[in-house]
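Just below is one structure, and these are the notes that go with it.
The values are calculated or read from the model by the stated rules, or taken from the named source; none is laboratory data. The structure presented is a predicted model; accordingly, all values stated were derived computationally and were not measured. Counting neighbours? That spans all protein chains shown, and the Cβs are built from the backbone with ideal geometry, glycine included.
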Amino acid sequence: MMESWPVAPLPSIRNPEPDLAFAAALDQLARPMPTIAFLGLGAIGAPMAQHLPAHGFDLVVWNRTRERADRVAKSVRARVARTPAEAARAADVAITCLPTSREVEGLLDGEDGLLAGLRRGSVLVDCTSGDPGTSRRIAARLRENGISFVDAPVSGGKRGAEEGTLTVMCGGEPAVIERVRPVLAAFGKNIIHCGDVGAGDMVKAVNQALLAIHIWATGEGLATLAKAGVDTHVALDVINASSGRSNTSMNLFPERVLSRAFPRTFRLALLDKDLRIAADMARDGGVPAPLTQLASELFRAARAELGEEADHVEAVRVIERTAGVEIGT
Ligand code: NDP
């Protein structure tokens, strides 16, 4: 069974028990570094993985498109695996960060798949913003093989991943989450146990629905003001000092919409996927959720119009096009 990895303090002249501390430090040095396999080095996966070596982990990376894995291995101390199985074989903990749970499930089987490599007692941590049903199915399959599973989607965006300040919302057994906490702490500031397997996915989906609703509502409001001739910079300043403000109005709109920068950090296609998860959850749970359902329809249509590579905030362009106005000009 895998143990947790205590970090021993180095002896210092201020330490009242230098011999004990020194012995603990020596013990720490004698342990092999835990090996982490990271699979899926996209917009958020790559900056997450890049923190691991600096936090004392041995890193093995795999990515479907090999060049991305080579790029990460060039930037930090990491080895590149040729297959998911090869990455998993070396790992105490394997982390996946793929578009949807479907791709994660698709990585399990075959001679190159994760199940061919993962050892009994290891843990698969899925940082994909996944769907709870598929996560439960994956967890059950792993359990048959003596492997634990944690769904651990993240929030905080590309910047949070680069700064190592992500929020990580975990679903799984408390003891397993405690075991992997030092690994998650390499890229996460808030690591929160949300409940059983699937709970992390569910909290993430609701967060994403709120994000989408904020984007659309802020876009509608500012387009209306722009069309009426109100300076949207002034309007946004007022809103951000008032009760209508949100992260969307305070950060996303000034940095991305009013500036017309629209950087591509999180694909609209992925937010559409998140909204479907949230809408399905509400429907399956018998909860009336007209706002979530409508947001899901609006973002699905925006994805169809703007394509697979558009950023999530670019959904505002659809409002601008139909209103015949540009916010921020
Ligand atoms: P990207 O689209 O940037 O990257 C997707 C990654 O998945 C790439 O490494 C891609 O490989 C790989 N991939 C796609 N399809 C397959 C497949 N069939 N088999 C194996 N690998 C595959 O996505 P992000 O990094 O932005 O997002 C990853 C997850 O994190 C998503 O669930 C997203 O919702 C979530 N997320 C993203 C945030 C962000 O700001 N970007 C913020 C919070 C959560 P290849 O290089 O070959 O294309």
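I'd like to check something: does the range 43-57 contain any residue that is of a type in the set (V, I, T), near the ligand (Cβ under 8 Å from one of its atoms) and touching a residue at least 24 places away in the same chain (Cβ under 8 Å)? Yes, some residue in the range 43-57 is of a type in the set (V, I, T), near the ligand (Cβ under 8 Å from one of its atoms) and touching a residue at least 24 places away in the same chain (Cβ under 8 Å).
Every listed requirement among (1) within 16 Å of the ligand (Cβ to nearest atom); (2) over 23 Å from T128 (Cβ atoms); (3) of a type in the set (S, T, N, Q) is met by S296 save one, (2). Note on the range 124-137: residues that are surrounded by fewer than 24 Cβ atoms within 10 Å (Cβ to Cβ) and away from the ligand (no atom under 14 Å from the Cβ) amount to 3.
Being at pLDDT 95 or above, of a type in the set (K, R), outside any helix (DSSP H, G or I) and closer than 25 Å to L98 by Cα is a description that does not apply to R260. Testing V206 on (1) of a type in the set (V, I, T); (2) crowded, with 21+ Cβ neighbours inside 10 Å; (3) within 29 Å of the chain's Cα centre (by Cα), one condition comes back false. Which one is that? V206 satisfies all of (1) of a type in the set (V, I, T); (2) crowded, with 21+ Cβ neighbours inside 10 Å; (3) within 29 Å of the chain's Cα centre (by Cα) except (2).
Counting just the residues of the range 162-191 that are part of a strand (DSSP E or B) and under 23 Å from G56 (Cβ atoms), which one comes out nearest to the ligand (Cβ to nearest atom)? Don't jump to the end; show me each part of the working.
First, the residues of the range 162-191 that are part of a strand (DSSP E or B): 166-171, 188-191.
If we keep only those that are under 23 Å from G56 (Cβ atoms) as well, we get 166-168, 170, 188-191.
Numbers: L166: 8, T167: 10, V168: 10, C170: 14, G188: 12, K189: 14, N190: 14, I191: 15 Å.
Out of the qualifying residues, it is L166.
Can you report the number of residues in the range 264-312 which are of a type in the set (S, T, Y) and not in a helix (DSSP H, G or I)? Number satisfying all stated conditions: 1.
When the range 216-274 is limited to residues that are without any contact (Cβ under 8 Å) to a residue 24 or more places away in the chain and within 16 Å of the ligand (Cβ to nearest atom), the one that is nearest to E314 (Cα to Cα) turns out to be A261.
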